[in-house]
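A quick write-up on the structure given underneath.
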Amino acid sequence: MDSEDRPITPSHGLPETHSSPEEDKSVLQIWGKSSLKGHVTISGAKNSALVVMAGALLCPQDCRLRNVPSLADVSRMGEILASLGVKLTRQGDVLDINASYIGQSTAPYELVSQLRASFFVIGPVLARLGVARVPLPGGCAIGARPVDLHVRGLQAMGADVHIEHGTVNAYVRGPSRRLKGAKIYLDYPSVGATETLMMAATLADGETILENAAQEPEVIDLANFCRAMGAKIQGAGTKTIVISGVPSLHSADYAIIPDRVEAATFLVAGAITQSEISLSPVIPDHLTAAIAKLRAIGALITPESPNCLRIAPGHGLTATDIETLPYPGFPTDMQAQFMALLTVSEGDSIVTETVFENRLRHVAELNRMGADIRVKGNHAVIRGVPTLSGAPVVATDLRASAALVVAALAAEGKTTIQGLHHLDRGYENLDTKLQKLGVKLQRLQGDSTTEVETAPLTPIAPN
Ligand code: EPZ
């Protein structure tokens, strides 16, 4: 191990994970009405990195992951893997994982409770060890988020699974302690359940067929990572995934896909400020629904190269309706940001959230900034207003925080955003990226007005 390769602890290379939201007193101040200019680099996908890190638990050899974003959630997943006995070293955006020895089959509650995605370890640990105990992740700001589809699928593969004292206990009987292939129909194309069962099936005895599976790009990325380790998986990205179990997997070197949600957030930032910017790397196919809606609203989007997009203003912003759906439908993770855009788009829009039951909490904060939004059940009716005005607002969840950032870019005056622990979970170096595009902002730490290093008051000259 040379001096550069260091085992992962929170302080090595990965952002500090705010121990608790209560301790997160930092605020982001954004001066609006700025026009953006230049190019922004898109980071690796959070929702792929997290599950691929869990997937590395399937492999008894070294795995190297590239393009891994520096995010609070990635730090937490690293801590959870380390608590199971996994060795992790990080250098820049390269993460080396060695899960040859998994000393623990129980994931610690204090870590799992802070990161829902940590529940994804149940599939790989059960597949490797024949036993796994993972605390129920519990609900979060956007919904109850049960794991019944994960549990039912593992039971169909022969595991005894019972929930006791808030923990999911899974156990495979028999001498081999090996899961068995099974035909599983998912009542809902859950991303997490598809990923958990696909990982578990890679080492199972026999063939598993997942019907009504999730088709998200992150599911495909996980399947490609598992195939790079020697797994036999077909049909990822379609409604039917077939996995032929193998006795073991081998080391792999894999690069995570770009983050389509971060890319869509910057496209919305360009549209809401009527600016011209470009962004890469992106996979345009992953953004089909978002691009279609942005064009319907009036933005001009052109491919600059196979992995680079340019957005430019068209003739103003016009209302449109959006309904969130599983992929390839319109992503729920982009709903809040698009709602912010529709607040200043001429006419009435209806946004319907069908994936999560409580994902309209950003409405109150957008209305605080002068938006005109009414909510009825899972529908929000947005009446476009000429402009928003800066105000003190509080982020309630990850994508809500992104919506407040893009709204602030278009608002008159200064907006002060609290609850940045949400933002830092999913956006890498957002402050610096926005400053490079010409945004005037500063991040203030704690109760004092001391600025932190990312906060030169005047914007950095756009490249
Ligand atoms: C993943 O969450 C993403 N998270 C979410 O992104 C994303 O919003 C979601 O997929 C949908 O696209 C990660 O990948 C880490 P689901 P996941 O299982 O897997 C219900 C972000 O902002 N359901 O597809 O938890 C569930 O309650 C985050 O980056 C069950 O009922 O999503 C929800 O209503 C937020 N039983 C719906 O399905 C189950 O067993 C979709 O959930 C599982 C899910």
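The values are calculated or read from the model by the stated rules, or taken from the named source; none is laboratory data. This one's a predicted model, so the numbers in the text were calculated from it and none came from an experiment. Here Cβ is always computed from backbone atoms with ideal geometry, including for glycine, and neighbour counts include all displayed protein chains. Side chains included, ligands, DNA and RNA excluded: accessible areas come from the protein's heavy atoms. Shrake-Rupley method; radii C 1.70, N 1.55, O 1.52, S 1.80 Å.
The figures follow:
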| item | result |
| --- | --- |
| Single residue of segment 328-371 satisfying the filter (of a type in the set (A, V, I, L, M, F, W, C) and open to solvent by 30 Å² or more (accessible area, probe 1.4 Å)) that is nearest to Gly237 (Cα to Cα) | Val355 |
| Any pair with Cβ under 7 angstrom, 6 or more apart, that starts in segment 143-165 at a residue that is of a type in the set (D, E, K, R) and ends at one that is modelled with pLDDT under 95 | Arg145/Arg116; Arg145/Pro137; Arg145/Gly139; Asp160/Arg173 |
| The lone exception for Pro175 - which of (1) at pLDDT 95 or above; (2) part of a loop (DSSP other than H, G, I, E, B) it fails | (1) |
| Checklist (1) at pLDDT below 95; (2) open to solvent by less than 10 Å² (accessible area, probe 1.4 Å) applied to Leu409, failing item | (1) |
| Counted residues, segment 382-418 - those being closer than 23 Å to Met334 by Cβ and among the charged types (D, E, K, R) | 3 |
| Which listed residue, of Leu434, Leu388, Leu444, is within 27 Å of Ala296 (Cα to Cα) and out of contact with any Leu (no Cβ under 7 Å at 6 or more places or on another chain) | Leu388 |
| Number of the condition not met by Gln114 [criteria: (1) in a loop (DSSP other than H, G, I, E, B); (2) free of Cβ contacts under 8 Å to residues at least 12 places away in the same chain] | (2) |
| Subset of segment 133-142 that is near the ligand (Cβ under 9 Å from one of its atoms) and in contact (Cβ under 8 Å) with a residue 60 or more places away in the chain - its residue that is surrounded by the most Cβ atoms within 10 Å (Cβ to Cβ) | Ile142 |
| Residue check for Arg128: within 15 Å of the ligand (Cβ to nearest atom), open to solvent by 20 Å² or more (accessible area, probe 1.4 Å) and not acidic (Asp, Glu) | no |
| Hits in segment 372-403 (condition: open to solvent by 50 Å² or more (accessible area, probe 1.4 Å) and within 16 Å of the ligand (Cβ to nearest atom)) | Gly377, Asn378 |
| Filtered residue count, segment 172-197, keeping only those that are under 22 Å from Val246 (Cβ atoms) and within 13 Å of the ligand (Cβ to nearest atom) | 6 |
